[in-house]
Amino acid sequence: MKLASLREGGRDGTLVVVNSDLTQCCTVPGIALTLQAALDRWAAAEPLLADVARRLNAAEMNRAQPFDPAQLAAPLPRAFQWLDGSAYLNHVELVRRARKAEMPESFKSDPLMYQGGSDVLLGPRDPIRAASEEWGIDFEAEVAVVLDDVPMGVSAADAARHIKLVVLVNDVSLRNLIPAELGKGFGFLHGKPPTAFSPVAVSPDELGPAWDGGKLNLPLVSTLNGKEFGRPNAGIDMNFDFPALIAHAARTRPLGAGTILGSGTVSNRNRTVGSACLAEIRMIETIERGKPETPFMRFGDRIRVEMLDQAGRSIFGAIEQTVERYAGP
């Protein structure tokens, strides 16, 4: 099944079930008003939502309405927690090589992860706002999972059953602000503005054989200003799968229902498939030619992130954002 949130209905939106081809949707007030409410009682809500999805796909719902991504918030417009890993070590290695630094051995067994802001999460058509192009505006195309309640100390073997939904992410980064922040030794703040999400969140069973329980084995396509930028496969070169990331995040604390956990920038060692962020291209240019040549995003630039199934159909809908100058409140 596929789920989304209309902007109407308050800060947490209004939950809708969406048909598989992303043309029709319907509200489900008798089951849950919001996606978070459904996640809070997922064992009871999931079969009811799945039945609505079945009837919607069979054109048996007489109260269906057209599905319009422009009317959507993020599937979870605000979440109790947003965690983002760095599961693709090729990306990490390129960062280190561009700085002429070795990658610590611990990175191969202990995932990198940070906790981002989750009080404001962007919908699929919301703009990327920045006050200055000098901040180094970049996109990061990722896959993420939405969890139910995860107990502290969960093993990777048991973590997979807590994955309830899968989404696409544009984890926007302000690259020129990040070094000074990391230099303080206390993590991101200004360098990580609000993150954007795909129109729909998808249950793992809807993904068919592309979902193997821990990875999504399909290309993630990024298009910048109408030109394809990259299509690395999200299931290739993922050194830490989602169950491993969940177990890492839950090592010392439980994770509440509605936690979103990202993969980090999708990155393949095969460079012919392109990249999922501008920083990676700039790192490759630095390694090969001594300096970066590709600019970061500028006002007016447009980024699109999407994943297609084997038949060429959009699975999650597309994240489509334009960079805008922020003039202040």
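The values are calculated or read from the model by the stated rules, or taken from the named source; none is laboratory data. Owing to the predicted nature of the structure, the values given are computational and were not obtained by experimental measurement. Cβ coordinates were reconstructed from backbone atoms using ideal geometry, including for glycine residues, and neighbour counts include every protein chain displayed. Ligands, DNA and RNA are stripped out before the accessible areas are found, and what is left, the full protein with its side chains, is counted by its heavy atoms. Shrake-Rupley method; radii C 1.70, N 1.55, O 1.52, S 1.80 Å.
Given their separation in residues at 0.36 nm each and the Cα-Cα distance between them, Glu105 and Lys227 gain 40.2 nm when the chain is fully extended. Quick one: Debye curve from the alpha-carbon atoms of region 240-329 only, equal weights, vacuum; give me log10 I(q)/I(0) at q = 0.13, 0.17, 0.26 Å⁻¹ to two decimals. Treating every Cα as an identical point scatterer, log10 I(q)/I(0) equals -0.77, -1.09, -1.25. Each Lys and Arg Cβ is given +1 and each Asp and Glu Cβ -1; about its Cα centre, the chain then shows a dipole of about 460 debye. Listed by chain and number, the lysines placed with their C-alpha closer than 20 angstrom to that of Lys215 are Lys2, Lys108, Lys164; residues fewer than eight positions away on the same chain are left out. Highest GNM mean-square fluctuation among Glu285, Glu306, Glu105, for the chain modelled with Cα contacts below 10 Å: Glu105. Computed with the Debye formula from one identical point scatterer per Cα of region 169-321, without solvent, the log10 of I(q)/I(0) at q = 0.10, 0.13, 0.21 Å⁻¹ comes to -0.41, -0.71, -1.64. Considering only Pro75, Pro104, Pro151, the mean-square fluctuation computed in a Gaussian network model of the chain, springs between alpha carbons under 10 angstrom, is largest for Pro104. Across region 80-207, Cα pairs under 8 Å and at least six residues apart give a relative contact order of 26 percent.
Kirkwood Rh and Cα-based Rg: tell me the resulting Rg over Rh for the chain, rounded to two decimals.
Ratio of gyration radius to Kirkwood radius for the chain: 0.95.
Summary value for the chain: 23 percent relative contact order, contacts being C-alpha pairs under 8 angstrom separated by 6+ residues.
Normalised by residue number, the volume inside the convex hull of the Cα atoms of region 84-195 is 143 Å³ per residue.
How much area per residue is accessible in the chain when the probe is 1.4 Å and only protein heavy atoms are counted (Å²)?
44 Å²
When the chain is treated as a GNM with alpha-carbon contacts under 10 Å, the residue of Ser173, Ser263, Ser109 showing the greatest mean-square fluctuation is Ser109. In terms of Cα atoms, the Rg and Dmax of region 1-66 work out to 11.0, 31 Å.
Rounded to the nearest whole Hz, the Karplus-based 3J(HN,Hα) values (6.51 cos²θ - 1.76 cosθ + 1.60, θ = phi - 60°) of region 58-67 follow the sequence 8, 6, 9, 9, 7, 10, 5, 10, x, 8, with x at glycine and proline. Under 16 Å from a label point 7 Å along Cα→Cβ of Ala50: give me every residue in region 187-203 with its amide N that close. Answer for this model: 202-203. Shape class of region 1-129 from the alpha-carbon gyration tensor: prolate, with a/c at 1.5 or above and a/b greater than b/c.
Couplings for region 117-122, taken from phi via the Karplus curve 6.51 cos²θ - 1.76 cosθ + 1.60 with θ = phi - 60°, read x, 10, 6, 10, 10, 8 Hz in order; Gly and Pro are left as x.
The 3J(HN,Hα) values that the Karplus relation (6.51, -1.76, 1.60; θ = phi - 60°) gives for region 239-251 are, in residue order, 6, 10, 6, 5, x, 5, 5, 5, 4, 5, 5, 9, 4 Hz. Gly and Pro appear as x.
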